[in-house]
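Novice: Got a structure here, written out as structure tokens. Questions coming.
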Amino acid sequence: MPYNVHFGIYVDVAMPVEDKFKSLLPFLSSPKLLPNESEAGFQSGLQSLLSELANPSPLAVALVSQLNECLWWIKRHTVDKELLLHEAMARLLSKAGSNWMASGNSKLSVALEHYLEGSAHKDEAALIEQTLTGANLTLSDLRVRAFKDAARHIKMVDDLIHRQHQTMRHLQRSIDSIDYKSRLLKRMDLELAALESKQSAKGVLSLDDKPS
Amino acid sequence: MTINHRRSPTNRCNALKSTGPRSVAGKRASSQNSRKHGLNSAPDFESSSECRALIDLIAEEGLSAFACADIATGLLNYRRVMDAYYDTYSSPEPIDEFLRDANVKASNPIFSELLSPSGSEPQDVRDMAAFFASMQRQERRKGGPVSRRSADNHKLIRYQRNAIARLSRAVRQD
């Protein structure tokens with residue numbers, strides 16, 4: 001009887017463990033990506049983490065895929081910090097140019113974004129330089145002011161990044177714990193087998209020692 | 001439906017005089033107004049098919065049945081939080097561009113024109129302009145889409161902390 005798991009993935013309880021493992025993987029590592037993100041990048045990160053697993057049990061794989069997602073979130077939030085600065089710069093620039101009307105504001109934001117990326121057209125670059133000159137500012141001055149303006153939101157993003165680091169620590173400890181448990185079980189099995197073989201050897205010896 | 005931007009401030013002022021929903025259906029609908037992510041509800045993971053499938057997979061680790069159930073519910077709960085985190089991130093609160101970019105001072109004649117048929121005093125016009133300006137300040141304080149989604153995701157930190165602690169405890173309990 002197939003079980004309907006999240007995101008349309010089906011797991012059959014009676015299937016062999018390798019197949020279950022494959023079915024579970026997309027369910028837990030389900031890459032919920034944004035339109036501009038590459039799935040190949042996400043999957044290559046996951047594969048490199050999985051390759052470091054000594055004992056890739058289903059639970060360990062599930063936890064590693066969560067770890068990979070945390071790394072992805074850290075990347076996203078790091079980009080957001082720069083975007084927050086750009087947002088604040090555009091806001092300050094439009095205020096400085098006393099251009100706080102709908103069309104001017106969005107036009108200025110787009111122009112600034114292109115200018116910072118280095119892909120601005122001549123007229124966009126001219127608009128930015130004209131506004132900066134009008135406000136008696138340089139780009140670095142604007143950046144400093146924007147940092148001050150956006151400090152509250154940048155602190156929030158720092159908190160989000162910190163949270164992902166904490167989550168990764170929890171996941172890492174959990175993975176270590178599973179690994180330790182499985183190694184402990186293996187070691188106990190080996191010790192038991194050694195004891196049994198010793199015991200059986202003793203038994204053979206004691207049978208041999210018996211006087212006939 | 002088209003939005004009449006000139007009527008928008010008047011509608012907002014009138015909405016302030018509202019005493020809330022009166023019908024049972026209206027009250028039921030408005031009780032869900034503040035519900036955004038649904039993470040405060042307690043879902044029944046254990047009876048779900050996903051949980052049973054996960055328990056069967058985790059059981060192969062050689063853990064006890066109780067530990068398997070705890071880990072499976074912990075994992076599903078963590079996924080639920082992270083899915084809500086993604087949804088919040090990918091769909092931030094929309095920006096009211098009209099409100100953000102409007103010139104309040106220049107709108108005073110529009111306010112008096114809108115209020116004059118009801119015989120309003122100049123004080124009413126000033127109140128309306130002040131109310132509109134405060135709403136505009138609030139809207140501007142929220143910032144752009146990146147600021148909004150950061151602030152919204154920040155509210156989910158405590159859910160993420162609790163979910164990962166629960167999962168980690170379940171894995172390491174034996």
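The values are calculated or read from the model by the stated rules, or taken from the named source; none is laboratory data. Every value quoted in this text rests on a predicted model; they were computed, and no experiment measured them. As a convention, Cβ positions derive from the backbone with ideal geometry for all residues, glycine included, and neighbour counts pool all protein chains shown.
Novice: Restricting the search to the range B:24-78, which residues are surrounded by 14 or more Cβ atoms within 10 Å (Cβ to Cβ), of a type in the set (G, A, S), closer than 30 Å to B:D152 by Cβ and without any contact (Cβ under 8 Å) to a residue 60 or more places away in the chain?
Specialist: B:S48, B:A72, listed by residue number.
Novice: Another question, then. Only residues that are buried (at least 19 other Cβ atoms within 10 Å of the Cβ) and part of a helix (DSSP H, G or I): list them for the range A:105-131, please.
Specialist: Within the range A:105-131, A:N105, A:L108, A:A111, A:L112, A:Y115, A:L127, A:I128, A:T131 qualify.
Novice: From A:D123, A:D159, grab the single residue that is more than 32 Å from the chain's Cα centre (by Cα) and free of Cβ contacts under 8 Å to residues at least 24 places away in the same chain. Break it down stepwise before answering.
Specialist: Numbers: A:D159 fails: more than 32 Å from the chain's Cα centre (by Cα).
After applying the criteria, what remains is A:D123.
Novice: Considering only residues that are at the interface with another protein chain (Cβ under 10 Å from one of its Cβ atoms) and part of a helix (DSSP H, G or I), look in the range A:45-60 and name the one that is nearest to A:R183 (Cα to Cα).
Specialist: So the residue we want is A:A60.
Novice: Kindly provide the set of residues from the range B:140-161 that are buried (at least 20 other Cβ atoms within 10 Å of the Cβ), over 13 Å from A:A88 (Cβ atoms) and within 7 Å of another protein chain (Cβ to nearest Cβ), ordered by number.
Specialist: Residues satisfying the conditions are B:N153, B:Q160.
Novice: If a residue has to be touching a Pro at 6+ places or on another chain (Cβ under 9 Å) and within 20 Å of A:I161 (Cβ to Cβ) to count, how many in the range A:47-63 make the cut?
Specialist: Step one: of the range A:47-63, the residues touching a Pro at 6+ places or on another chain (Cβ under 9 Å) are A:50.
Imposing the further condition that a residue be within 20 Å of A:I161 (Cβ to Cβ) reduces the set to none.
Residues that pass the stated criteria total 0.
Novice: Consider A:L137 carefully, then state whether it is in a helix (DSSP H, G or I), of a type outside the set (V, I, T) and surrounded by 16 or more Cβ atoms within 10 Å (Cβ to Cβ). Steps first, answer last, please.
Specialist: On the way: in a helix (DSSP H, G or I): no; of a type outside the set (V, I, T): yes; surrounded by 16 or more Cβ atoms within 10 Å (Cβ to Cβ): yes.
Against the criterion (in a helix (DSSP H, G or I), of a type outside the set (V, I, T) and surrounded by 16 or more Cβ atoms within 10 Å (Cβ to Cβ)), A:L137 does not qualify.
Novice: Against the conditions (1) more than 12 Å from chain A (Cβ to nearest Cβ); (2) at pLDDT below 80; (3) closer than 20 Å to A:L171 by Cβ, where does B:E61 fall short? Just the number, please.
Specialist: Single failed check for B:E61: (1).
Novice: May I ask you to verify whether B:S18 is of a type outside the set (V, I, T) and modelled with pLDDT of 80 or more?
Specialist: no
Novice: Which one of these is facing chain A (nearest Cβ under 9 Å), part of a helix (DSSP H, G or I) and more than 30 Å from A:E87 (Cα to Cα): B:I110, B:I164? Steps first, answer last, please.
Specialist: Values: B:I110 fails: facing chain A (nearest Cβ under 9 Å).
Going through B:I110, B:I164 in turn, the sole match is B:I164.
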